[in-house]
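See structure below.
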Amino acid sequence: MNQESLAKVQQIVGAATETLRTEIVAVKRRTAVLTDGVQHEFKMAAKGFQMHLDRRHTDDRVHLDEQFRETRALIQLSYGQIQERVERLEQRVRSIEQHLGLTA
């Protein structure tokens, strides 16, 4: 191979190498842009999901608080009714005991 041929091969290899370097840099740049975009989209999705969870938690808390108040009211009502029945029964037992002469 003569000098002229060698110089042409070196020129071709050099040009190909430079083109490859330029393309690699461009690919790196595009990849960085795409990665940044994906990260941004992921962060936005995570924020949206967190907002959904926060809202759901608030709604569930309100619902549970309401259910607790209703349950407590029903228990208090039931307790009051049971207390009245016990007092009536105790009064009847005292009345029966007095009638039978069993009280001191």
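The values are calculated or read from the model by the stated rules, or taken from the named source; none is laboratory data. What you see is a predicted model, and the numbers here were worked out from it, not measured in a lab. FYI the Cβ positions are ideal-geometry reconstructions off the backbone, even for glycines, and counts take in every protein chain you see.
Between E18, E90, E23, E70, the distinction of being surrounded by 10 or more Cβ atoms within 10 Å (Cβ to Cβ) and under 31 Å from the mean Cα position of the chain (by Cα) belongs to E70 only.
Within the stretch 34-49, the set of residues being within 21 Å of the chain's Cα centre (by Cα) and not hydrophobic (A, V, I, L, M, F, W, C) comprises Q39, H40, E41, K43, K47, G48. Being in a helix (DSSP H, G or I), modelled with pLDDT of 95 or more and surrounded by 10 or more Cβ atoms within 10 Å (Cβ to Cβ) is the requirement here; does R29 meet it? Taking the combined requirement at face value, the residue does not satisfy it.
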